[in-house]
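The values are calculated or read from the model by the stated rules, or taken from the named source; none is laboratory data. What you see is a predicted model, and the numbers here were worked out from it, not measured in a lab. Positions of Cβ are generated from backbone atoms using ideal geometry, with glycine treated the same way; all protein chains shown enter the neighbour counts.
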Amino acid sequence: MTRSPNAPAAGKCDRDTARKATPDVTREAPPPAGALPAPSERDWARAVELIASADRVALACHVSPDGDALGSMLGFGLALSRAGKAVVASFGDRRFAVPRLLRFLPGQELLVDPSDYPAEPPLMVTLDASTVERLGLLAPHAGRAGELVVVDHHASNTGFGSLHLVDPAAAATSVLVEELVRRLGLAVDVDVATCLYTALVTDTGSFKYSTTPQVHALAARLIAAGLRPDEIARELWDGAPFGYLTVLGAAAGRATLEPAAAGGHGLIWTYVTRADRAAAGLPYDEVEGVIDVVRRVEEADVAVVLKEDDTGAWNVSTRSKGAVDVARACSALGGGGHPRAAGFSARESPPDIMAALRPLLSP
C-alpha cells in the first residue's frame, strides 16, 4: 500500500385490486432531492392492472446482476409463474452467465439468453435498472415494449419506461417487488422468499445499511416462509476460490491512500486488471468483493476500486461512509447509484479515471 507524498499521519475519519399494503412499508427515508417521486396509489393500481391482465410477462434486470437485481427478478418471476403466468427473464450481458455467488438462487429455469428474449414484448418489467443503458443487449427490447414497467430504488433513475415504481427511499428493489407481489395477491413460498431475502440482505450489506424496523419486518416475513438465513449467508459470504486471495493481495499492494482528498475526508483507491484475474484463473464476477475489503480503511471516507473486464473497460465501484455523496460524482461521469454506493464505467487508464473522479468527490 502506498501513501500519497503529502499524506499526514493516519487518523480516523469517517402494494386493492388484491389488497392495500401497510402504510410506509416501502419507504425508509425521505427521497433525495431531484429523485423521481415515490409511486402513487394510481401507479401501483396501474401496475397491478397491467400485470394481472397479462398472459406473458417479460422480466429484465441490469447487466452484471447483483443480488438485488437477480433476486428481485427471479423472486417476482417465480411468484408470477406459480400464479399461471408465462414468464421469461434475462439480463443483457454478452457473456450470459449467473455469477457464482448467486447460483444457489431458485427460479433460474426462467432465465433465457438475451438472443432468445422476445423482441417486442407486450409487457416488460425491469428490475433494479436505473437507466435503459443498464439493460445492455435488452435495451432495444425495452424500446419496443408495449408497456414498460420500471421497478427500481436508485435515486439516479432517469425515468425511462411508461410506468415507474421507483422509490429511492426503499432499501432495495426487492422491497418494491414484495409490495407488488402483495398487491397482486401472489403467494410467497420458500423459493420466492429466498430470492427476495437474498436481494434484501445483499443490498443492505447484511443489514448494515438502510436498516429500519420496516426492513427487519420484511426480513421476518420472508424468513417465516421457511428459508434458512444461515445457509444464504454461507452461500453469499463464506466462500471464495483460492485465486481470490492472490488477486486481493495484488489489489491491496497497489492501494493508494490520499487523506487530503474527498474534501479532507480521505480517499483510498486501487485497481484489478485482466492480467491479475487471468493469472489466478478468476472470472470477473469474483472480484466484486474487493471493494468491501478496501472500504474498511479507517483513514478514508471514500473507497474506489477499478475492475478491468474482459473487454478492457474499467468498471468503477465507489463507496462512502457518509461524508461524500458518491452517486453525485458517479452520475457526472455517466453512472449512478446511491449516496453511499455507486459506480460508472470508463475506458481510460486508472490514473486518468481517478483524475476525472477525484475533483467530484466533495462533501
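For this structure, a couple of remarks:
- Set Pro140, Pro106: member being closer than 25 Å to Ala219 by Cα, at pLDDT 95 or above and surrounded by fewer than 19 Cβ atoms within 10 Å (Cβ to Cβ): Pro106
- Cβ-Cβ contacts under 9 Å between residues 6 or more apart (or on different chains), taken from a first residue in the range 283-306 that is farther than 18 Å from Phe344 by Cα and assigned by TED's automatic domain parsing to the domain that holds Thr256 to a second residue that is among the acidic types (Asp, Glu) and at pLDDT 95 or above, are listed as Ala300/Glu258.
- Boolean, Val112 is surrounded by fewer than 20 Cβ atoms within 10 Å (Cβ to Cβ) and more than 24 Å from Ala155 (Cβ to Cβ): yes
- Residue check, Leu227 under 30 Å from Asp189 (Cβ atoms), buried (at least 16 other Cβ atoms within 10 Å of the Cβ) and touching a Leu at 6+ places or on another chain (Cβ under 6 Å): no
- Of all residues in the range 301-330 being within 17 Å of Tyr209 (Cα to Cα), of a type in the set (A, V, I, L, M) and under 17 Å from the mean Cα position of the chain (by Cα), the one that is modelled with the highest pLDDT: Val326
- Among the residues of the range 290-322, the ones that are touching a Lys or Arg at 6+ places or on another chain (Cβ under 9 Å) and part of a loop (DSSP other than H, G, I, E, B) come to 12 in all.
- Among residues of the range 323-344 that are within 13 Å of Ser362 (Cα to Cα), those with a Cβ under 6 angstrom from a residue that is of a type in the set (A, V, I, L, M) and in a helix (DSSP H, G or I), sequence gap 6+ or separate chain, pair up as Ala329/Leu360; Ala332/Leu360; Pro339/Ala327.
- Criterion: modelled with pLDDT of 95 or more and surrounded by fewer than 16 Cβ atoms within 10 Å (Cβ to Cβ) - qualifying residue of Arg358, Arg296: Arg296
- Long-range neighbours under 7 Å by Cβ, at least six apart or interchain, first residue outside the structural domain of Ala199 (by TED's automatic domain parsing) within the range 121-150, second at pLDDT 95 or above and surrounded by 18 or more Cβ atoms within 10 Å (Cβ to Cβ): none
- Residue match in the range 58-74 (condition: modelled with pLDDT of 50 or more, exposed (fewer than 13 other Cβ atoms within 10 Å of the Cβ) and not assigned by TED's automatic domain parsing to the domain that holds Tyr284): no
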